[in-house]
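Notes follow once the structure below has been shown.
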Amino acid sequence: MIDLEKCGFATKQIHAGKHENAAGALTPPIYQTSTFEFASVEEGGRRFAGQEAGFIYSRLSNPTVNVAEEKVAALEGGEAALGTAAGMGAISAALWTSVVSGDEIVASDTLYGCTFSLMNHGMAKFGVKATFVDFADLDAVKAALTEKTKVVYLESPCNPTLKVVDIAAVAAIAHGYNPAIRVIVDNTFASPYLQQPLKLGADVVVHSATKYLNGHGDVIAGFVVGKADFIGEVRSFGLKDMTGAVLSPFDAFLIARGLKTLDIRMEKHCANAMKVAQFLHDHPAVDKVYYPGLEDFEGYEIAKKQMKKPGGMMSIELKADRDTAAAALNKLKLCTIAVSLGDAETLVEHPATMTHSTYTSEELKASGISEGLVRISIGLEDPEDIIADFEQAFAGLV
Ligand SMILES: Cc1ncc(COP(=O)(O)O)c(C=O)c1O
């Protein structure tokens, strides 16, 4: 048996999670089963008591789901991972396992809309207070911590403004204040190929695997990654009892298949994104390009320090009012107007009317999301074709 710990990323993404199976199938089979047989009542009892290894019921664990979990844990450099039915399932299971009524969360002021809504509208109803601060301002992060803070939560790059947060610096501040604070990083925009928050000092990584991890736009899923004891707690409480947001064996199979090509997909997403970002940066109809690979972008230096490459996501600000911008986007022929990201297809969306539509206009302003902001997930098409599509769609704006 090869020691995968010593192998590179590509070898891990292909071989991690593989175990012998009865038929000797190269590709791990799909265990499409809700429950597992016990030889006797006593054996069932021993498994429930944790005295004997073995599967019990697929809300607790499933062999196909385990394959995807082991791959994600290996790629993020975590002791263990837990698959969930959605990215929001991972985020809510990790958070509900970490806080009780009266606790506080310090979170970045730019987050995926539903994560913000979960904390600001949902968890608030149960006595958990979230304070949102600009994580580019490290003094503000420090000032927001109190003895009640149990979680520090961030995305980097953030959805949708691509703000880059210095993960190592934030983790050092949080742990310097109180080593028990759990630093949770949503690594969806980067993927573990480009950035590994656990190595930068974070305690937990969460993912919407719907995006780059699966990469093919045919699954909704999530993962929580971290120390084995915490992942065990999330499995037996946050997932089993609190959310029930279990990853299905078939979706886990698709994710395990998608993960085998994560590195080459990310390389192409990044190469395409750089070309498109440069084109849009020089386009007279574009006011600003938010892309961590452009030298004049605020987060450029930190991204260079903590990411292998700047990623496949960007946002732009058009020199147009909301209706004119919408009319230009409606002219796109190759690029698709759709939410989600990390797929083979280039996807374009308008955060203020789509992903962040739960925000009030004050909340949009506080998060730096203007009415003219357009988010683009650069796909795997030929970059010349993506550029030509934006060129024809934006021609009427200048
Ligand atoms: C950064 C980020 N985190 C979490 C989520 C939620 O993931 P899911 O849609 O898989 O629940 C999303 C969805 O777009 C996202 O962009």
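All of the numbers you see were taken from the coordinates with simple rules; none came from a lab. All of these numbers come straight from a predicted model, not from anything done at the bench. Cβ placement follows ideal geometry from the backbone for every residue including glycine, while neighbour counts extend to all protein chains displayed.
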Checklist entry - When only Cα pairs under 8 Å and 6 or more residues apart are kept, what is the percent relative contact order across the chain? => result 17 percent
Next on the checklist: Please compare each pair in 331/365; 199/288; 288/309 to a cut-off of 24 Å on the Cα-Cα distance and tell me which ones are over it.
Outcome noted: 331/365; 199/288
Checklist entry - Quick one: if the Förster radius is 35 Å, what FRET efficiency do residue 25 and residue 338 give, using the C-beta to C-beta distance and rounding to 0.05? => result 0.50
Checklist entry - Which peptide among 313-319, 3-9, 65-71 comes first, and what is the full order, when sorted by highest mean count of other Cβ atoms within 10 Å? => result 65-71, 313-319, 3-9
Checklist entry - Under a straight-distance cross-link criterion of Cα-Cα below 14 Å, which aspartates and glutamates are reachable from residue 275, leaving out those fewer than 8 residues away in the same chain? => result 267, 295, 381, 382, 384, 385, 389, 391
Checklist entry - Rounded to the nearest 5, what is the percent of antiparallel bridges among the DSSP beta bridges in the chain? => result 55 percent
Checklist entry - Taking the highest mean first, how do the peptides 173-186, 329-342 order by number of other beta carbon atoms within 10 angstrom per residue? => result 173-186, 329-342
Next on the checklist: For the chain, what does the helix formula give at 222 nm: sum of -39500 (n - 2.57) over DSSP H segments with n ≥ 4, over the residue count, nearest 500 deg cm²/dmol?
Outcome noted: -9500 deg cm²/dmol
Item to check | Within straight-line cross-link reach of residue 148, lysines at Cα separation under 16 Å, skipping those fewer than 8 residues along the same chain | outcome: 129
Checklist outcome for this item: Too long for a 26 Å Cα-Cα cut-off, among 71/142; 18/150; 142/304, are 71/142; 18/150
Checklist outcome for this item: A correct fewest-to-most ranking of 369, 56, 376 by other Cβ atoms within 10 Å would be 56, 369, 376
Checklist outcome for this item: Contact order relative to length for region 226-358, counting C-alpha pairs under 8 Å separated by 6 or more residues, stands in percent at 15 percent
Item to check | Cβ-based exposure ranking for 123, 266, 354, in which fewest neighbours within 10 Å come first | outcome: 354, 123, 266
Item to check | Cα gyration tensor shape for region 7-259, rounded if a/c is under 1.5, else prolate or oblate | outcome: prolate
Checklist outcome for this item: Taking placed amide H atoms and a strict 5 Å upper bound, the residues 5 or more places from residue 186 or on another chain that come that close are 154, 155, 156, 206
Checklist entry - Mind ordering 209-222, 82-95 by average Cβ neighbours within 10 Å, highest first? => result 82-95, 209-222
